[in-house]
Amino acid sequence: MQDTLEHAGEIVPVPAAAIEGTSCTGGQYDAMYARSMDDPDAFWLEQAERLDWFKKPTKISGWSFDPVEIKWFEDGELNICHNALDRHVANGRGDQTALIFEPDSPEDPVRKFTYAEILENVIRMANTLKKMGVQRGDRVTVYMPMVPEGAFAMLACARIGAVHSVVFGGFSPDAIANRIEDCQSDYVICADEGLRGSKRVPLKANVDAALEKISVKAVLVIRHTGGDVAMTEGRDHWFHEYSEGVSTECPCEVMNAEDPLFILYTSGSTGKPKGVVHTTGGYSVWTETTFRYTFDYREGEVYWCTADIGWVTGHSYIVYGPLQAGGTALMFEGVPNYPAHDRFWQVVDKHKVNIFYTAPTAIRALMREGNDHVTKHDLSSLRVLGTVGEPINPEAWRWYHELVGHGEAPIVDTWWQTETGGHMITTLPGAHPMKPGSAGRPFFGIAPQLVDNDGTVLADESTGGAAEGNLCIIRSWPGQARTVYGDHERFIQTYFSTYRGKYFTGDGCRRDEDGYYWITGRVDDVINVSGHRMGTAEVESALVLHEKVAEAAVVGYPHDIKGQGIYCYVTLNAGVDADDALTKELRAWVRTEIGPIATPDHLHFTPGLPKTRSGKIMRRILRKIAENDYGSLGDTSTLADPSLVDGLIEGRLNR
Ligand code: WTA
């Protein structure tokens with residue numbers, strides 16, 4: 001996935017249609033960006049004023065990266081559920097469609113909800129949670145398929161001041177148990193089953209398996225497929241039964257801007273996944289503002305983000321961003337290739353989607369299936385396209401632009417992270433020419449900086465100029481994560497200690513002369529598989545749990561569709577022989593330990609791993625070998641056993 005020469009450095013001008021009626025032209029962007037830098041408090045107060053506050057903030061920014069303390073709107077009071085629902089109903093939007101649900105199978109009925117209907121559903125769920133015992137500040141684990149009730153569950157928690165921790169529906173019972181335990185969550189909301197490409201996902205059964213290891217006070221089960229599930233007396237409640245007779249009123253809790261809104265677990269370079277904590281005020285303002293400007297959202301448009309609510313993209317850009325902005329969002333339970341490879345485009349046509357937001361991996365996979373799947377549908381409604389999760393290669397960008405966007409729809413390539421809460425670097429549809437493969441320019445209030453490994457500044461917005469280095473952000477922004485749940489020290493260590501006083505993203509990046517940022521990928525031990533972020537350490541710990549495995553080292557390698565694949569070097573215990581059956585067994589093992597997204601692509605059995613004399617695994621070498629790049633292995637003389645490397649190369653060439 002190299003830049004093809006043909007497209008390298010290409011500049012695609014802002015389409016005329018994107019300028020007309022835009023909320024932000026190039027000139028406006030420059031003025032707003034400058035103001036967000038020169039007078040951030042005035043700028044963010046203005047943005048915050050689009051929302052309702054029970055108490056208007058008088059203090060806007062209050063942060064330091066050394067020592068680390070981050071606060072925004074700290075004396076303000078609000079509730080994000082009020083801003084997503086009640087405010088719109090009160091302002092005459094009650095009858096507007098807020099959510100369109102497209103089920104897994106095109107044969108099944110579409111469900112639509114107005115703002116007033118969502119509010120009604122959320123109040124019912126909020127009161128049901130209260131009946132179950134959930135109180136303000138309690139952590140509630142949400143393990144749901146991509147159905148409206150997943151969004152309602154999140155909003156219901158927010159409404160009563162409970163902190164949701166959504167666990168992606170593809171995670172294993174172990175992963176659920178670890179996450180429940182880490183945030184001491186006493187309550188779980190799940191569905192009986194989920195549906196993906198006609199296959200059933202046993203969500204309740206997975207929760208039951210997780211709860212064999214740990215216990216919770218109550219589980220609320222939402223009936224979706226109607227599949228058979230076991231119910232534990234006294235602990236499990238069917239939502240449709242238990243919610244009977246609850247009050248139809250439930251005022252929003254008054255939350256301080258810095259009260260936690262949610263925890264979302266994400267992978268890092270070391271240890272187990274960490275619970276990233278977002279708070280109420282800054283996250284509300286950040287998701288509303290970024291949604292509005294990045295997609296240049298216009299009244300009445302249908303917006304569709306294909307992410308899952310289990311990831312941050314689903315939190316910010318299926319639920320909180322679009323609803324706070326008063327938009328109409330589509331939610332899709334299924335997969336791009338079921339019943340056929342045209343499913344996405346069929347849905348776009350069916351619902352006349354105007355804004356479509358997906359991941360490069362999906363674009364690459366669909367591109368491979370040929371153009372007919374796209375051209376047989378009328379996609380003329382599409383006005384803005386977006387991508388997220390990983391760098392997009394210019395070839396896929398072109399295809400997306402020309403075929404899906406009929407050569408006219410601007411593409412926003414949004415770079416951001418779980419920790420950033422929302423978009424950080426992206427072009428804006430009516431403001432910026434596009435460069436395929438580059439995320440573009442910083443969003444309002446974002447001050448990126450590139451530094452070398454020693455922390456020397458190479459380039460930022462004040463110096464200008466071209467450079468390549470490690471991407472830091474040197475000022476706080478409202479949507480920034482505030483801590484890691486239960487481990488503030490880890491938060492400081494992970495993000496602010498590599499380059500003291502700066503937020504380090506973990507990404508490598510190039511800035512060109514025009515001030516466009518090109519993300520080059522992670523520079524730490526995190527890999528990005530189909531846009532899913534994964535710590536190599538997590539896969540390694542899963543592998544070594546297997547009785548036959550002595551040691552494992554996991555690295556990423558370039559993969560045509562997934563962006564990166566998972567390459568595992570495995571050393572077996574004495575007396576164990578490697579064969580195809582063991583390969584299969586270990587792949588299945590990792591799937592059950594973590595989830596299908598962590599399935600190894602390559603298992604490479606080796607008698608040993610290349611280590612320094614002090615016993616440190618030389619990952620640099622393992623990465624190069626996995627990439628089939630033997631010319632630049634670098635210095636191997638510090639290895640305890642340099643001869644291992646030849647064996648590894650031979651092993652690599654044989655597959
Ligand atoms: C990568 C997903 C290039 C990056 C929202 C980041 C990207 C990690 C882009 C965060 C993009 C995300 N171009 N790389 N447009 N968007 N990334 O936390 O490596 O799941 O650090 O958040 O994805 O992944 P996360």
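Each reported figure results from applying straightforward, stated rules to the coordinates on display, with no laboratory input. Quick caveat: nothing in here was measured; it's all calculated off a predicted structure. Reconstructed Cβ throughout: ideal geometry from the backbone, glycine too, with neighbour counts over all protein chains shown.
Summary table
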{"item": "Distance from the stretch 67-134 to the stretch 158-216 (C-alpha centre basis), Å", "result": "21 Å"}
{"item": "Length-normalised contact order for the stretch 1-147 - Cα pairs under 8 Å, 6+ apart - percent", "result": "12 percent"}
{"item": "Value of relative contact order over the chain, rounded to a whole percent, pairs C-alpha under 8 Å and six or more apart", "result": "14 percent"}
{"item": "At most 10 other Cβ within 10 Å, DSSP loop - GluC sites (Glu not before Pro), the stretch 82-170", "result": "Glu107"}
{"item": "Listed peptides 515-521, 89-95, 263-269 by packing density, highest first (mean Cβ within 10 Å)", "result": "263-269, 515-521, 89-95"}
{"item": "Phi to ³J(HN,Hα) by Karplus 6.51 cos²θ - 1.76 cosθ + 1.60 over the stretch 515-528, Hz, x for Gly, Pro", "result": "x, 8, 9, 10, 6, 9, x, 5, 9, 10, 8, 10, 10, 10"}
{"item": "Likely footprinting exposure, Ser462, Ser497, fewest C-beta neighbours within 10 Å first", "result": "Ser462, Ser497"}
{"item": "Filtered GluC sites (Glu not before Pro), the stretch 578-634: DSSP coil and at most 16 other beta carbons within 10 Å", "result": "Glu627"}
{"item": "Long-range amide H partners of Gly521 with built H, under 5 Å", "result": "Gly508"}
{"item": "J(HN,Hα) series, the stretch 76-82, from Karplus relation 6.51 cos²θ - 1.76 cosθ + 1.60, nearest Hz, glycine and proline x", "result": "x, 10, 6, 9, 5, 5, 4"}
{"item": "Extension gain, Arg500 back to Glu120 (0.36 nm per residue minus Cα-Cα distance, nm)", "result": "132.0 nm"}
{"item": "Value at 222 nm in deg cm²/dmol, rounded to 500, when DSSP H runs of n ≥ 4 in the chain each add -39,500 (n - 2.57)", "result": "-7500 deg cm²/dmol"}
{"item": "Ranked list, fewest to most other Cβ atoms within 10 Å of each Cβ, for Lys71, Lys548, Lys274", "result": "Lys548, Lys71, Lys274"}
{"item": "Cα gyration tensor, the stretch 103-245 - rounded (a/c under 1.5), prolate or oblate", "result": "oblate"}
{"item": "Those trypsin sites (Lys or Arg not before Pro) in the stretch 468-531 that DSSP places in a loop and that have at most 16 other beta carbons within 10 Å", "result": "Arg500"}
{"item": "Tensor-based shape of the stretch 402-448 (alpha-carbon gyration tensor, a/c under 1.5 rounded, otherwise prolate or oblate)", "result": "prolate"}
{"item": "Difference of contour (0.36 nm per residue) and Cα-Cα distance, Gln96 to Lys272", "result": "59.1 nm"}
{"item": "For the chain, share of DSSP beta bridges that run antiparallel, in % to the nearest 5", "result": "60 percent"}
{"item": "Sequence ranges 18-27, 356-365, ranked by mean other-Cβ count within 10 angstrom, highest first", "result": "356-365, 18-27"}
{"item": "Cα-based convex hull, the stretch 8-140, per residue volume (Å³, whole number)", "result": "277 Å³"}
{"item": "Exposure proxy ranking, count of Cβ atoms within 10 Å, fewest first, for Arg652, Arg613", "result": "Arg613, Arg652"}
{"item": "Mean-position separation - Cα centroids, the stretch 607-639 and the stretch 250-267, in angstrom", "result": "45 Å"}
{"item": "Span from the the stretch 483-560 Cα centroid across to the the stretch 426-461 one, whole angstrom", "result": "20 Å"}
{"item": "Of Lys548/Lys624; Lys376/Lys584; Lys112/Lys435; Lys71/Lys204; Lys213/Lys502; Lys112/Lys562, pairs whose Cα-Cα distance is over 28 Å", "result": "Lys376/Lys584; Lys112/Lys435; Lys71/Lys204; Lys213/Lys502; Lys112/Lys562"}
{"item": "Full-stretch length increase - Asn337, Met231 - with 0.36 nm per residue and alpha-carbon distance subtracted", "result": "34.8 nm"}
{"item": "Sequence-separation-based contact order of the stretch 608-655, relative, with Cα cut under 8 Å and 6+ spacing, percent", "result": "43 percent"}
{"item": "Rounded, prolate or oblate (a/c below 1.5 giving rounded, otherwise prolate when a/b exceeds b/c) for the chain by Cα gyration tensor", "result": "rounded"}
{"item": "Peptide ranges 301-308, 426-433, 449-456, 229-236 listed from the most packed, as the mean C-beta count within 10 angstrom indicates", "result": "426-433, 301-308, 449-456, 229-236"}
